[in-house]
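Below: the structure, in structure tokens.
The values are calculated or read from the model by the stated rules, or taken from the named source; none is laboratory data. Predicted model, so just to flag it, every value in this text is computed and none were measured. No Cβ is skipped: glycine too gets one built from the backbone with ideal geometry, and neighbour counts run over all protein chains shown.
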Amino acid sequence: MLGLTTLGIVHTVISLVAVGAGIVALVRDKEITSRNGVGKLYIWTTVLTCLTGFPIMQHGGFGKPHALGIITLVVLVVAALAGKSKFGRTSRYIETISYSATFFFHWIPTVVETTTRLPVGAPLIANRDGPELQAATGVLFLLFLIGATLQVRRLRAASRDESSRTAGISIAPTIPTNHRDGKGRRWQLQCSRSSFSCSPPRCSSALPGHK
């Protein structure tokens, strides 16, 4: 089928599942993350796509697709480390952009294989190294940059909102208000400056000389 071996078919099916999961994650969550099911599906099918692609040597041995597979695995490792906060305050950004980069990597062989194999017998592009595919890769990279920029802006906005909420939560000092009743006992009323509320009065002690 389309000149694919059995391994090639398995590789293609897995890669399509990965691309589909990536699309769902980006549309639904605006990012790919290992913290939900669809993100985990994307990550593991991407790993399998790379691993099943290494034995395929139909175009003269080790080539660009294999190098892209290695790069993809390295970026996945970086994203996984970032997901564990290994890069400090920038971890969230590195994780998000890294997973998005692997999604961009998926589209390079997808476009190449599709345009050079379909329609059957008269493919859209005959030369894998032709200027058409180079232009298509450039467009994909531009889309990746736009998407990554939007993701960074979204993360920054979320970080600012979180900082604002955190700053608004503080422990206000209490203002002790003392009052002595007719028996000489001292009562203390605790009032909060932030909430403008007071706790019930509490008897502290009796003054010396009073029973």
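A few remarks follow.
- Meets criteria (buried (at least 16 other Cβ atoms within 10 Å of the Cβ) and over 19 Å from Ile9 (Cβ atoms)) for Ala101: yes
- Taking the stretch 22-32 as the range and being surrounded by 18 or more Cβ atoms within 10 Å (Cβ to Cβ) and in contact with a Lys or Arg (Cβ under 9 Å, 6 or more places away or on another chain) as the test, only Glu31 passes.
- Of all positions in the stretch 125-132, none carries a residue that is small (Gly, Ala, Ser) and crowded, with 17+ Cβ neighbours inside 10 Å.
- From the options Leu41, Leu68, Leu16, residue that is surrounded by fewer than 15 Cβ atoms within 10 Å (Cβ to Cβ) and over 24 Å from Ser159 (Cβ atoms): Leu16
- Any hit, the stretch 113-123, residues being touching a helix residue (DSSP H, G or I) at 6+ places or on another chain (Cβ under 9 Å) and not in a helix (DSSP H, G or I): yes
- Which numbered condition Leu7 fails, given (1) farther than 21 Å from Gly147 by Cβ; (2) at pLDDT 95 or above; (3) not hydroxyl-bearing (Ser, Thr, Tyr): (2)
- Identity of the residue in the stretch 44-64, aliphatic (A, V, I, L, M) and under 18 Å from Val75 (Cβ atoms), that ends up surrounded by the fewest Cβ atoms within 10 Å (Cβ to Cβ): Leu51
- Among the candidates Arg153, Arg165, residue that is at pLDDT 95 or above and exposed (fewer than 13 other Cβ atoms within 10 Å of the Cβ): Arg153
- Breaking point among (1) of a type in the set (Phe, Trp, Tyr); (2) touching a His at 6+ places or on another chain (Cβ under 8 Å); (3) at pLDDT 85 or above, for Trp187: (3)
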